[in-house]
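For reference, the structure is listed below as structure tokens.
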Amino acid sequence: MKKKINILILFVIAKLLLQYMVVGQEYELHRDEFLHLDQAKHLAWGYTSVPPVTSWISSIIIFLGNSLFWVRFFPALFGALTIVVVWKTIEALKGNLFALISGATCVLFSALLRLNLLYHPNSLDVLCWTTFCFVLVKYSNDEHPKWFYIAMTVFAIGFLNKYNIVFVLAGLVPALLLTRRSVFTNKHFYLSILLGLALISPNLAWQYHNNFPVFHHLEQLAKTQLVNVNRWNFLKDQLLFFIGSLLVIFSALYALLFYPPFKKYRFFFWTLCFTLAIFTYLKAKSYYAIGLYPVYIAFGSVYLERVLQPGWKKYLKPPVIALPLLFFIPIYKIIFPNKSPAYIAGHPGAYKNWGLLRWEDGKDHSLPQDFADMLGWKELAYKIDSIHSTLPEREHTLILCDNYGQAGAINYYTKNKNNRAVSFNADYINWFVLDKKFDNLIRVKTAEEKDNELKETGPFFDTAYVAGAITNSFAREYGTTIFVFIKAKIDINKRIQNEIDEEKNDR
């Protein structure tokens with residue numbers, strides 16, 4: 001037992017260390033991370049794009065100092081805990097040391113290293129999916145009603161973190177109808193649903209009182225991003241997430257269908273089928289389904305342990321364990337921001353072949369989109385600080401940005417903590433503070449929207465000029481321009497309030 005615990009600890013430490021090692025120093029935080037960190041300063045039971053749990057974690061990060069170390073620590077921690085849950089699932093399936101090491105290796109050297117790179121709800125989402133499936137395994141072992149309540153508590157935490165977990169239920173229900181109808185005759189099943197609804201009710205109430213902004217977010221997502229999703233690419237990507245573990249995962253699927261000791265877990269096979277079918281039909285992003293696979297790694301590892309018994313087959317065990325690492329080594333070179341932007345732009349071959357240069361607009365670019373979203377932010381914030389310090393009556397200057405990335409980056413990297421950038425984009429539209437009269441305006445415009453800004457806004461101020469721009473050509477925000485407008489001839493506060501009202505009405 002002590003040996004197993006020590007090995008598990010080594011896997012956890014390796015996971016935490018690797019997450020810090022796969023990012024080059026040239027890269028900053030990602031645009032989404034800035035938004036999540038700013039949510040901690042505006043705590044609520046919901047936000048335009050996500051439920052509230054991320055804001056609670058952000059509060060802890062800010063309490064701990066809001067440094068890059070702590071921002072990257074929590075997704076790494078959730079990834080490490082995912083390994084722990086897979087380990088406990090294997091134990092619940094009566095797996096021994098080979099199965100434990102195989103399962104942990106498969107999870108460690110997988111796409112989760114990429115997913116756990118950034119601070120967003122996805123890392124906790126995968127942990128919640130995996131824990132929910134672990135509880136289902138425990139229920140299948142003894143059918144104790146307590147597991148219903150534990151499962152719905154895990155579901156509620158996952159729901160309050162990211163609505164994506166709803167899809168595992170959408171796949172699970174028809175799977176249970178096919179294989180375990182007795183679940184639906186158990187009163188505790190329905191009582192546990194009531195518990196789950198009670199736990200998520202504050203967020204549902206928030207959605208109701210705010211006219212369900214989640215639907216507006218999904219509508220915008222469908223128009224701007226999911227419209228470019230190819231269903232075939234979605235299915236192809238599922239094979240790439242755990243490419244070194246495909247032997248284990250396919251072994252799990254075989255075992256769930258044909259291995260007698262796994263008959264009581266057969267609903268897991270159909271859950272995977274139904275959930276993937278739903279995601280494919282909805283043209284979901286590939287990574288939405290990544291939380292499905294860790295539990296199948298547990299099943300596959302246990303099955304392989306049992307079929308690779310003493311005899312010549314025992315010599316296959318080391319290769320099974322080594323496969324995830326062997327596949328990971330070449331992938332390591334391209335899926336992480338561990339090469340300089342200039343190097344990637346100059347050596348696009350492998351990145352392009354793996355589809356990593358394709359952005360949400362459906363086009364190929366010089367860098368993967370996530371990498372480009374981790375550049376240019378410090379430059380923007382430092383230029384804003386420099387410009388702001390030269391303005392007359394700078395305490396009456398409004399910093400208005402085009403998107404949440406710009407606003408969040410300025411708020412994170414600024415040296416002047418009195419500078420609070422805002423935007424009409426995402427949650428920032430709810431965070432305007434118009435408690436003082438604004439006379440000056442610093443306007444941050446993306447390259448696509450900058451052309452007419454002086455002509456359109458300049459006449460409403462005594463002075464208007466271009467003060468700077470993001471010059472990092474590798475940044476997604478390359479060309480984003482900073483405009484300065486001094487001494488307003490109009491009531492800025494009233495104009496801003498009118499635009500806020502119009503934007504909210506459009507939503």
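The values are calculated or read from the model by the stated rules, or taken from the named source; none is laboratory data. None of the values given here were measured: they were computed from a predicted structure. With ideal geometry, Cβ positions are generated from the backbone for all residues, glycine too; neighbour counts draw on all protein chains shown.
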GLY355 surrounded by fewer than 16 Cβ atoms within 10 Å (Cβ to Cβ), assigned to a loop (DSSP other than H, G, I, E, B) and touching a helix residue (DSSP H, G or I) at 6+ places or on another chain (Cβ under 6 Å): no
Members of segment 45-73 found to be among the β-branched types (Val, Ile, Thr) and surrounded by fewer than 19 Cβ atoms within 10 Å (Cβ to Cβ), listed by number: ILE60, ILE62
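Every residue, every condition in (1) touching a strand residue (DSSP E or B) at 6+ places or on another chain (Cβ under 6 Å); (2) part of a loop (DSSP other than H, G, I, E, B); (3) in contact (Cβ under 8 Å) with a residue 60 or more places away in the chain, yes or no:
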{"site": "GLN25", "(1), (2), (3)": "no, yes, no"}
{"site": "GLY46", "(1), (2), (3)": "no, yes, yes"}
{"site": "ILE61", "(1), (2), (3)": "no, no, no"}
{"site": "VAL71", "(1), (2), (3)": "no, no, no"}
{"site": "VAL85", "(1), (2), (3)": "no, no, yes"}
{"site": "GLU91", "(1), (2), (3)": "no, no, no"}
Filter result (without any contact (Cβ under 8 Å) to a residue 40 or more places away in the chain and in a loop (DSSP other than H, G, I, E, B)) within segment 97-150: GLU143, HIS144
Only one of VAL484, VAL433, VAL466 that is crowded, with 19+ Cβ neighbours inside 10 Å and in the same structural domain as THR390 (by TED's automatic domain parsing): VAL484
Qualifying position, being hydrophobic (A, V, I, L, M, F, W, C) and crowded, with 21+ Cβ neighbours inside 10 Å, among ILE387, ILE399: ILE399
Candidates VAL71, VAL50, VAL86 - the one that is modelled with pLDDT under 95 and either within 30 Å of PHE215 (Cβ to Cβ) or touching a helix residue (DSSP H, G or I) at 6+ places or on another chain (Cβ under 7 Å) (or both): VAL50
Hits in segment 329-344 (condition: assigned to a helix (DSSP H, G or I), surrounded by fewer than 18 Cβ atoms within 10 Å (Cβ to Cβ) and at pLDDT 90 or above): ALA342, TYR343
Considering residues of segment 157-188 that are touching a residue at least 24 places away in the same chain (Cβ under 8 Å) and over 21 Å from THR275 (Cα atoms) only, the residue surrounded by the fewest Cβ atoms within 10 Å (Cβ to Cβ): ASN186
